[in-house]
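Engineer: Okay, here's the structure, questions in a sec.
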Amino acid sequence: MPRPSNKPPARRMRGFEPASGLLKERIRKAGESRGFAVTRLLTHWAEIAGADIAACARPVKVTYPRDGFGATLTLLTTGARAPEVEMQKTRIVERVNACYGYAAISRVLITQTAPTGFSEGQVEFTPAPKAPPAAPPPEVRQRAAQASGEVQDPGLRAALEALGQNVLTRPRK
């Protein structure tokens, strides 16, 4: 029987830590208990399945057969949208397998439910919309334009100006 350690936990970082780093292990364990070996399938569902499918269906669980390959992905959707999701099963399988990196999913099951019910308590994994960046002051824009003034290509010049504005407005440590 191992003896309990009296050492204090190792200091991780100084200052603030990203919440994703603190919760990564817990999210992975919770996802694996429901069959999600790749938590990216849950957290980036809208990117993987596409915005149209993600708006009407969400992954519930992945079940693996005894012989190994050919898992089944269960999706939750409302009854009215189920035929639409049913017609896109092959596309869903292709996109999910691209996320896994191999042919992990062979079947998609669709679970229908009402708009209210047990799906209410589930957490949405859609990220908050990004706020548009604040416009830099005119003197910063002018300095960035002067720095990229000799470049002839308009696309490259615009990219260099944006880079210059970002460098000039970043907070100093």
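Engineer: When you look at A144, is it modelled with pLDDT under 90 and touching an Asp or Glu at 6+ places or on another chain (Cβ under 6 Å), yes or no?
Structural biologist: For A144, the condition - modelled with pLDDT under 90 and touching an Asp or Glu at 6+ places or on another chain (Cβ under 6 Å) - is met.
Engineer: Next question. So, Q122, is that one among the polar types (S, T, N, Q), modelled with pLDDT of 90 or more and surrounded by fewer than 13 Cβ atoms within 10 Å (Cβ to Cβ) or not?
Structural biologist: Considered against the rule, which asks whether it is among the polar types (S, T, N, Q), modelled with pLDDT of 90 or more and surrounded by fewer than 13 Cβ atoms within 10 Å (Cβ to Cβ), Q122 comes out as no.
Engineer: Does the stretch 140-157 hold any residues that are surrounded by 13 or more Cβ atoms within 10 Å (Cβ to Cβ) and in a helix (DSSP H, G or I), and which are they? Reasoning before the result, please.
Structural biologist: Kept after step one, since they are surrounded by 13 or more Cβ atoms within 10 Å (Cβ to Cβ), are these residues of the stretch 140-157: 140-141, 143-145, 147-148, 151, 157.
Scanning the stretch 140-157 gives V140, R141, R143, A144, A145, A147, R157.
Engineer: Of everything in the stretch 45-97, what is free of Cβ contacts under 8 Å to residues at least 12 places away in the same chain and either under 15 Å from T111 (Cβ atoms) or in a loop (DSSP other than H, G, I, E, B) (or both)? Give them in sequence order.
Structural biologist: A55, P65, R66, D67, G68, A80, P83, M87 - these are the residues of the stretch 45-97 that are free of Cβ contacts under 8 Å to residues at least 12 places away in the same chain and either under 15 Å from T111 (Cβ atoms) or in a loop (DSSP other than H, G, I, E, B) (or both).
Engineer: Scan the stretch 99-110 residue by residue and report those that are in contact (Cβ under 8 Å) with a residue 40 or more places away in the chain and loosely packed, with under 15 Cβ neighbours inside 10 Å.
Structural biologist: None - no residue of the stretch 99-110 is in contact (Cβ under 8 Å) with a residue 40 or more places away in the chain and loosely packed, with under 15 Cβ neighbours inside 10 Å, so the list stays empty.
Engineer: If a residue must be modelled with pLDDT of 85 or more, surrounded by fewer than 16 Cβ atoms within 10 Å (Cβ to Cβ) and of a type in the set (S, T, N, Q), how many such residues does the stretch 15-74 contain?
Structural biologist: Residues that pass the stated criteria total 1.
Engineer: Out of all the residues in the stretch 125-140, which are among the charged types (D, E, K, R) and either in contact with a His (Cβ under 9 Å, 6 or more places away or on another chain) or at pLDDT 90 or above (or both)?
Structural biologist: Initial filter on the stretch 125-140 (among the charged types (D, E, K, R)): 130, 139.
The one that is among the charged types (D, E, K, R) and either in contact with a His (Cβ under 9 Å, 6 or more places away or on another chain) or at pLDDT 90 or above (or both): E139.
Engineer: Output the qualifying pairs, or none if there are none: Cβ atoms under 8 angstrom, residues six or more apart or on different chains, first residue in the stretch 138-167 and without any contact (Cβ under 8 Å) to a residue 60 or more places away in the chain, second residue in a helix (DSSP H, G or I) and of a type in the set (S, T, Y).
Structural biologist: Between residues of the stretch 138-167 that are without any contact (Cβ under 8 Å) to a residue 60 or more places away in the chain and residues that are in a helix (DSSP H, G or I) and of a type in the set (S, T, Y), the close pairs are V140/T169.
The values are calculated or read from the model by the stated rules, or taken from the named source; none is laboratory data. The shown structure was predicted, so the numbers you read here are calculated from the model rather than taken from an experiment. Quick reminder, even Gly has a Cβ in these numbers, built from the backbone with ideal geometry, and neighbours come from all protein chains shown.
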